[in-house]
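A.B. asks: Quick one: the structure is below, questions incoming.
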Amino acid sequence: GESVGLHLPTLSVQEGDNSIINCAYSNSASDYFIWYKQESGKGPQFIIDIRSNMDKRQGQRVTVLLNKTVKHLSLQIAATQPGDSAVYFCAENIDQAGTALIFGKGTTLSVSS
Amino acid sequence: GAVVSQHPSRVICKSGTSVKIECRSLDFQATTMFWYRQFPKQSLMLMATSNEGSKATYEQGVEKDKFLINHASLTLSTLTVTSAHPEDSSFYICSASAQPGNTIYFGEGSWLTVV
């Protein structure tokens, strides 16, 4: 079946830098996308979501960009902090279908002081 | 606080035994819950969709006789790993939402170690 993938498995940045984590999805029918943060041994933590009728959404220090033409999703974290170190997953589904979220492979973000 | 709760958070069982993991929605009723499995350094892989009052729908490659799912009420789904083997050791996570299009909540996960 179709799945969501990520471009890079790891990303290392310095504290204070901006981080960009990318995701490519393959199901053109997906209309809802979420970024999750997962710390070791814990369940996924919601960061930000975006629906397919938008191409950008901002939260506190985070921005999600959606490019439906090339089926690409990115998460930008401003002024990255050591507490941002975690694994980040993008996930997709067809919002009103009641189907499960399908997760990408994950990017491990390491922030050094 | 958590709106989806899993229990136990950690469990160790012997090979050949069965272990049950519970997923509860605390503040809402969920006709559908989802079960995922996550191996170390890998992503969450969907195992099955748990439907209240009916049989679960399993993803390809997931043995329904080994991973028994029961969704007997609108707030509780259980995953029973039967005749567990060391290769079943994994992090099991559930998710739920009140209805399609609503916020999807995840449990904190359950670590299963089979020795």
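The values are calculated or read from the model by the stated rules, or taken from the named source; none is laboratory data. Since we're looking at a predicted model, the values are computed, not measured. With ideal geometry, Cβ positions are generated from the backbone for all residues, glycine too; neighbour counts draw on all protein chains shown.
A.B. asks: If B:Lys41 meets every condition in (1) over 28 Å from A:Thr10 (Cβ atoms); (2) out of contact with any strand residue (DSSP E or B) (no Cβ under 7 Å at 6 or more places or on another chain) apart from one, which number is that one?
C.D. replies: Looking at each condition in turn, B:Lys41 falls short on (1).
A.B. asks: Identify all residues within the range A:11-44 that are exposed (fewer than 12 other Cβ atoms within 10 Å of the Cβ) and within 11 Å of chain B (Cβ to nearest Cβ); write none if there are none.
C.D. replies: Listed by number, the residues that qualify are A:Ser40, A:Gly41.
A.B. asks: So, one more: Can you tell me which residue is nearest to the other protein chains (Cβ to nearest Cβ) among those in the range B:5-63 that are within 29 Å of A:Lys105 (Cβ to Cβ) and among the aromatic types (Phe, Trp, Tyr)?
C.D. replies: B:Phe34
A.B. asks: In the range B:49-70, which residues are assigned to a strand (DSSP E or B) and either more than 12 Å from the chain's Cα centre (by Cα) or without any contact (Cβ under 8 Å) to a residue 24 or more places away in the chain (or both)? Show your work before the answer.
C.D. replies: Going residue by residue through the range B:49-70, those that are assigned to a strand (DSSP E or B) are B:49-51, B:57-58, B:67-70.
Result: B:Thr49, B:Asn51, B:Thr57, B:Tyr58, B:Leu68, B:Asn70.
A.B. asks: I would also like to ask the following. Given the options A:Thr80, A:Thr108, name the one that is of a type in the set (Val, Ile, Thr), touching a residue at least 12 places away in the same chain (Cβ under 8 Å), surrounded by 16 or more Cβ atoms within 10 Å (Cβ to Cβ) and more than 14 Å from chain B (Cβ to nearest Cβ).
C.D. replies: Values: A:Thr108 fails: more than 14 Å from chain B (Cβ to nearest Cβ).
Only one candidate qualifies: A:Thr80.
A.B. asks: Kindly indicate whether B:Ser97 is at pLDDT below 95, under 12 Å from the mean Cα position of the chain (by Cα), buried (at least 16 other Cβ atoms within 10 Å of the Cβ) and under 22 Å from A:Lys42 (Cβ atoms).
C.D. replies: On the way: at pLDDT below 95: yes; under 12 Å from the mean Cα position of the chain (by Cα): no; buried (at least 16 other Cβ atoms within 10 Å of the Cβ): yes; under 22 Å from A:Lys42 (Cβ atoms): yes.
Judged against the criteria, B:Ser97 is not a match.
A.B. asks: Would you mind finding the one in B:Thr78, B:Thr113 that is in contact with a Lys or Arg (Cβ under 7 Å, 6 or more places away or on another chain), modelled with pLDDT of 95 or more and either crowded, with 17+ Cβ neighbours inside 10 Å or part of a strand (DSSP E or B) (or both)?
C.D. replies: Details: B:Thr113 fails: in contact with a Lys or Arg (Cβ under 7 Å, 6 or more places away or on another chain).
That would be B:Thr78, the only listed residue that is in contact with a Lys or Arg (Cβ under 7 Å, 6 or more places away or on another chain), modelled with pLDDT of 95 or more and either crowded, with 17+ Cβ neighbours inside 10 Å or part of a strand (DSSP E or B) (or both).
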